[in-house]
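Worksheet for the structure shown next.
The values are calculated or read from the model by the stated rules, or taken from the named source; none is laboratory data. Quick caveat: nothing in here was measured; it's all calculated off a predicted structure. Glycine also receives a Cβ, built like all others from the backbone with ideal geometry; neighbour counts cover every protein chain displayed.
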Amino acid sequence: MTLNERQKNILETIIDDYIETGLPISSLQLIHNHDLGVCSATIRNDMLDLTDNGYLYKSYSSSGRVPTSKGYRFFIEEWQDGKGKSRIENFFEEFNSEDQDDIFSFSNDLLEELSNFSPGLLLNYIFDKDILWERGWENVVLQPEMQDADVLNQFVTLADVTRGKIKELAAKSQLNDIEVFIGQENPIIKSDEFSIITCRSKFPKTKQGCAFVLIGPKRMPYRQNLDLFKSVINFLQKT
């Protein structure tokens, strides 16, 4: 199925709303909350088509729809095509580390700032020093999915395994490439609950650079996280 512009707009609106609320999105919610420029019957028909073609699925607990991995993948590819707007592209103009000559302080300060812009768990691995920083647990545990003890335990396990495999994972990445693994695409642990974003970048005072890894629920703000990774790559290229 090739999506037309109207269907793309409806799908992206549903994904945006679901990321924000964590609740299934119904056609009535779309009509009430957004001016999509089409009638309610058209919205319902398009949501049915998007469901039949695997971009959405119907939640058992309500009449609303939830994005699938295929739906999220489309969402990400739209961003990679340059159609999404950066929401934090000016962030690094104001970033200032106390000592950019000190790798440890610089990495700590940078990750601390980045964690303010993402609800996921952020890891930063520096190859030359074989050190790993992480920030964001306070963001993760507040996510609706993590109120389920089983899901939280799975996430803790995923984070633990990722720490042990981050060097191996990062070594496979090309410099400045941002990779997104949605649900079962996860190269660490096969789970439909979570997604991982990775990138490898230059880093001040090092030869091999560093790797960033973000782990979070599959319902993560992909555009915001991708914009953040793109911004940090551009920033580190200039340092």
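The condition of being among the aromatic types (Phe, Trp, Tyr), out of contact with any Cys (no Cβ under 9 Å at 6 or more places or on another chain), at pLDDT 95 or above and farther than 20 Å from residue 15 by Cβ holds for only one of 104, 92, 155, that being 155.
Checked against the criterion of being surrounded by fewer than 14 Cβ atoms within 10 Å (Cβ to Cβ), among the basic types (Lys, Arg) and either farther than 28 Å from residue 20 by Cα or modelled with pLDDT of 90 or more (or both), the candidates 190, 218, 129, 207 yield just one match: 207. If you take the residues in region 49-89 that are touching a Ser or Thr at 6+ places or on another chain (Cβ under 7 Å) and among the charged types (D, E, K, R), which one is modelled with the lowest pLDDT? Per the criteria, the residue is 89. Residues that are closer than 21 Å to residue 220 by Cβ, surrounded by 14 or more Cβ atoms within 10 Å (Cβ to Cβ), touching a Gly at 6+ places or on another chain (Cβ under 8 Å) and among the small types (Gly, Ala, Ser) are absent from region 55-64 altogether. I want to confirm something. Restricting to region 34-56 and keeping residues that are among the polar types (S, T, N, Q) and within 26 Å of the chain's Cα centre (by Cα), which single residue is nearest to residue 14 (Cα to Cα)? Looking at residues that are among the polar types (S, T, N, Q) and within 26 Å of the chain's Cα centre (by Cα), I get 51. In region 136-148, the count of residues that are of a type in the set (Phe, Trp, Tyr), surrounded by fewer than 17 Cβ atoms within 10 Å (Cβ to Cβ) and at pLDDT 90 or above is one or more. Scanning region 29-54 for residues that are over 29 Å from residue 216 (Cα atoms), aliphatic (A, V, I, L, M) and free of Cβ contacts under 8 Å to residues at least 12 places away in the same chain turns up just one, 41. Considering region 1-22, the residues that are hydrophobic (A, V, I, L, M, F, W, C) and modelled with pLDDT of 90 or more include one that is surrounded by the most Cβ atoms within 10 Å (Cβ to Cβ), namely 14. For the condition of a type outside the set (A, V, I, L, M, F, W, C) and part of a loop (DSSP other than H, G, I, E, B), residue 109 does not qualify. Where strands (runs of 3 or more DSSP E) fall entirely within region 149-239, those with at least 2 residues that are in contact with a strand residue (DSSP E or B) (Cβ under 9 Å, 6 or more places away or on another chain), within 21 Å of residue 128 (Cα to Cα) and in contact (Cβ under 8 Å) with a residue 40 or more places away in the chain are at 210-217.
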